[in-house]
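The values are calculated or read from the model by the stated rules, or taken from the named source; none is laboratory data. Source: prediction; values computed, not measured. Cβ placement follows ideal geometry from the backbone for every residue including glycine, while neighbour counts extend to all protein chains displayed.
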Amino acid sequence: MNRSDSLDKLNKVSQWDIIIIGGGASGLGIAVDASKRGYKTLLLEKYDFGKGTSSRSTKLIHGGVRYLQNGDITLVIESLKERGILKRNAPHLVRDLSFVIPSYDWWSSPFYGIGMKIYDMMAGNLGLGKSIMISKKETLKLIPNVNKKGLKGGVIYHDGQFDDSRMAITLALTADSKKTSLLNHCSVEKLIKDKDEIIGVEFQDTLNLKKHKVKGKVVINATGVFAEEVIRMDQPDIDRMIQPSQGVHIVLEKKFLKSKHAILIPQTSDGRVLFAVPWKNYVVVGTTDTQVKTASIEPSPLKDEIEFILNNASQYMSVKPKISDIKSVFAGLRPLAATSNKKSTKEVSRSHKIDIAPSGLISVLGGKWTTYRKIAEDAINAAISINKLKKKKCKTQKTKLFGYKKRVEWSDPMHVYGSLKKEVEALGGKTDNISLSDKIYITNNIIEWSIIHEMALTLEDVLARRTRCIFLDAKESKRIAPKVADKMAEVLDKDQKWIDEELKNFNKLIKNYIV
């Protein structure tokens, strides 16, 4: 995946079949689907692939226990099916993870046990494992430092775990082909119209400030919480369509969980569920659900949200985490459909909607990582339904994603590269395989691979999304940033001025992840 090649294609293609705005889960999923159907496809991402909400999830591919609780049965069934498909197509990136729901009331285990049996039944032959009720003794064996006071027992169930922005990069690599051009750091500024019909876009390459005009048979808006901004380029006077909801996660050292199993806290003080999930030798705990007025590409966690997570998680952990224990904190914005009633955002459905404007603009509203493939299928089928594209059958149900490898060692940080692992390790000399940190795993050959093959162009691209350093340990990421910048400058042939500018931008960004 090479940016120069992608830019060259702009001059060679007079009209694209599909122009996708947005390089998150939905946009990249659409690019994969379009590529596999054989359409000429251009994807434009303003920042970097997965920069927004798509890199800030709870790292779960799940049917949605809470959606079942809310009675959103259709979404649960769809999500469970897609969870199974994704695990089958990307076994190097998605794995089965068992969750323990500790119970502190005599009725909790039977109540959740029955609920999880229904969950299993809905998954059918795409299920990951059977849920069972367990005793107090078994619960303590699985989660040694769970709060013992009043513990009655628990329930085990199974869901999927993944690395969200590594999945985003994998989708980009899967989509990459002779007929596909994927570009990050390209901002769409205007929709081009012929009479009242959209026939293309104007965009600016934000790295060299060069402007481009491209034509396409159909334009698909997959910009998540920013979808409304693109729709207003077409229809300035529309009513509000998106209600952003902020979800915050904190990251702790693994000593706060001491288990390979995750904990699901079924009832927090605001009626949500809370997860404590083992991830890359750390523990991700979250999330919150806070309405925000305006969307931001770099949302800031609120003090109240951090305290909410700590207070609720502490009730289920014998080792109580404090603010000083937080290694990183990150916030993401859910693109929920705006509602006219007084529903709280935790009650708004996470299902997606495909909006078709009179101009032909197709917009993806809502959705979640688990159903990205179905969202993509629906978006392209919508374009076919309005005669924008020649009818071609969707192929992604059985498309193996880039780097597909059936069995990987999950304790190995290189497992995310799947079948490409040895090629990554072969870059450079032997010393390039040594991690630059003993806390978070990043090597010189990973940095080089990220630039050459994965279109990483900034220090943030490497430390936030090609690796997950920022999301695991923010202070340590700040410490190693100068080493990473030096290596990037060597590969990209940049000077000291570039290094200084990158470090300046990075040090400003990292403040958002340090408590």
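Brief remarks on what is shown
- Qualifying residue in segment 149-161 (condition: surrounded by fewer than 16 Cβ atoms within 10 Å (Cβ to Cβ), part of a strand (DSSP E or B) and over 23 Å from the mean Cα position of the chain (by Cα)): no
- Boolean, VAL65 is at pLDDT below 90 and either surrounded by fewer than 19 Cβ atoms within 10 Å (Cβ to Cβ) or in contact with a strand residue (DSSP E or B) (Cβ under 9 Å, 6 or more places away or on another chain) (or both): yes
- The residue pairs whose first member lies in segment 34-54 and is more than 19 Å from VAL462 (Cα to Cα), whose second member is in a helix (DSSP H, G or I) and of a type in the set (Asp, Glu), and whose beta carbons are closer than 9 Å, counting only pairs six or more residues apart or on different chains, are TYR39/ASP33.
- Filtered residues of segment 234-260 (kept if surrounded by fewer than 19 Cβ atoms within 10 Å (Cβ to Cβ) and of a type outside the set (S, T, N, Q)): PRO236, ASP237, ILE238, ASP239, ARG240, MET241, GLU253, LYS254, LYS255, LYS258, LYS260
- Identity of the residue in segment 181-228, free of Cβ contacts under 8 Å to residues at least 40 places away in the same chain and among the acidic types (Asp, Glu), that ends up surrounded by the fewest Cβ atoms within 10 Å (Cβ to Cβ): ASP194
- Residue match in segment 431-439 (condition: outside any loop (DSSP other than H, G, I, E, B), under 15 Å from PHE49 (Cβ atoms) and not polar (S, T, N, Q)): no
- Cβ-Cβ contacts under 9 Å between residues 6 or more apart (or on different chains), taken from a first residue in segment 7-23 that is among the basic types (Lys, Arg) to a second residue that is at pLDDT below 95, are listed as LYS9/LYS178; LYS9/LYS179.
- Filtered residue count, segment 1-33, keeping only those that are among the aliphatic types (A, V, I, L, M) and crowded, with 24+ Cβ neighbours inside 10 Å: 9
- Across segment 165-191, the number of residues qualifying as modelled with pLDDT under 95 and not basic (Lys, Arg) comes to 2.
- Total residues in segment 9-65, condition among the basic types (Lys, Arg), in contact with a Lys or Arg (Cβ under 6 Å, 6 or more places away or on another chain) and in a helix (DSSP H, G or I): 2
- Residue match in segment 217-224 (condition: modelled with pLDDT of 95 or more, closer than 30 Å to PHE275 by Cβ, in contact with a strand residue (DSSP E or B) (Cβ under 8 Å, 6 or more places away or on another chain) and not aromatic (Phe, Trp, Tyr)): yes
- Residues that are in contact (Cβ under 8 Å) with a residue 24 or more places away in the chain, among the polar types (S, T, N, Q) and surrounded by fewer than 23 Cβ atoms within 10 Å (Cβ to Cβ) were ranked within segment 261-299; the one that is nearest to LYS46 (Cα to Cα) is SER296.
- Among the residues listed as ILE85, ILE30, ILE19, the single one being over 20 Å from LYS215 (Cβ atoms) and either of a type in the set (Val, Ile, Thr) or in contact with a strand residue (DSSP E or B) (Cβ under 8 Å, 6 or more places away or on another chain) (or both): ILE85
- Among the residues of segment 30-66, the ones that are within 20 Å of ASP159 (Cβ to Cβ) and under 15 Å from the mean Cα position of the chain (by Cα) come to 10 in all.
- Any chance PHE402 is modelled with pLDDT of 95 or more, within 18 Å of the chain's Cα centre (by Cα), among the hydrophobic types (A, V, I, L, M, F, W, C) and not in a loop (DSSP other than H, G, I, E, B): no
- Top-ranked residue in segment 460-512 [being assigned to a helix (DSSP H, G or I), more than 30 Å from LEU93 (Cα to Cα) and of a type in the set (Lys, Arg); ranked as nearest to the chain's Cα centre (by Cα)]: LYS508
- Residue count for segment 371-389, restricted to those that are buried (at least 19 other Cβ atoms within 10 Å of the Cβ) and in contact with a strand residue (DSSP E or B) (Cβ under 7 Å, 6 or more places away or on another chain): 7.
- Long-range neighbours under 8 Å by Cβ, at least six apart or interchain, first residue under 10 Å from MET133 (Cα atoms) and surrounded by 13 or more Cβ atoms within 10 Å (Cβ to Cβ) within segment 105-123, second among the aliphatic types (A, V, I, L, M) and at pLDDT below 70: MET116/VAL65
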